[in-house]
Amino acid sequence: MGVEGAMKCVKYSLVFFNFICWICGLALIVLGIMAQVSLHNTLRIKDVSMSGVPIVLIAVGALIFFIAFFGCCGAWKENYCMVTTFAVLLTMIIIIEIAAAIAGFVFRDKISTIVKDSLTDMIENYKNGTKEFKASVDGVQEKWKCCGVNSSSDWSYLDSDGNTVPDSCCITKTTGCGKGNMKDASKVYQKVIHHIYLTLLAPTEYLKGYRACQETSLSKTNHKPHTTHMKCKY
């Protein structure tokens, strides 16, 4: 009786945890799809290599989804073939996760550069862009409460006075609120769009340190874009 009870406990525990994994796999697929849409629509990322991140999420999510299915069904039905398949697929996912972690570490700087370059293109093409394109850029700045890629000075080309930003940069948005207020921290956000990358991909503690360094450097250098990145160590 003791052995039989222990086996049932293992069986139902395996079913339960695989069901949780099944939900996580589904969540990864949804997250990957959302990331793909966000990168190529909201952020207008043109470099096709950036699709690698959401595609990996979708692929890993699908793999976890099927692994959990085999594990859950195999344990419930006590099917040797399905449990064996579960074990083999589980080994594969561990290998893939290790490889993905290594690849992410090795190419982290390239991803940062791609995102930054794409965001810079957005800023440069804003003035002559379509209404939909401008709405997309404005939506990013409003959502993340930021202004420019390196600093609000990225918008200096927008108007002949060299001191105007889009209204989406304003803390309190009103028509014409960005006119002549580029450096006014009480009216215009001084955080930069590039921190989107850090928010999505960087570790929490690293992100806090970088943000503190970035904001301090911007305030000390009168918001000069490149000085910030020289002082903030990655």
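Among the listed pairs Lys116/Lys183; Lys110/Lys131; Lys143/Lys187; Lys127/Lys187, those whose Cα-Cα separation exceeds 28 Å are Lys110/Lys131. Between Lys8 and Val30, the C-beta separation translates, for a Förster distance of 35 Å, into a calculated FRET efficiency of about 0.55. With every protein chain left in place and a probe of 1.4 Å, what is the accessible surface of Met122, to the nearest 10 Å²? Ignoring ligands and nucleic acids, Met122 comes out at about 10 Å².
For the set Asp117, Asp159, the ranking by accessible area, highest first and with no ligand, DNA or RNA atoms included, is Asp117, Asp159 under a 1.4 Å probe.
Relative to the current alpha-carbon distance between Ser160 and Lys110, full extension at 0.36 nm per residue lengthens the span by 14.6 nm. If you sort Cys21, Cys147, Cys73, Cys81 by accessible surface, 1.4 Å probe, largest first, the order is Cys81, Cys21, Cys73, Cys147. Largest accessible area first, the listed residues Val137, Val15, Val37 line up as Val37, Val15, Val137 when surface is computed with a 1.4 Å probe on the assembled protein chains. Across the accessible surface of region 142-195, with the other protein chains kept in place and a 1.4 Å probe, carbon and sulfur atoms take up 50 percent.
With contacts taken as Cα pairs under 8 Å and at least 6 residues apart, region 90-200 reaches a relative contact order of 23 percent.
The values are calculated or read from the model by the stated rules, or taken from the named source; none is laboratory data. From a predicted model like this one, the values you see are computed outputs, not experimental measurements. Glycine also receives a Cβ, built like all others from the backbone with ideal geometry; neighbour counts cover every protein chain displayed. All accessible areas refer to the heavy atoms of the entire protein, side chains included, with ligands and DNA or RNA removed. Shrake-Rupley method; radii C 1.70, N 1.55, O 1.52, S 1.80 Å.
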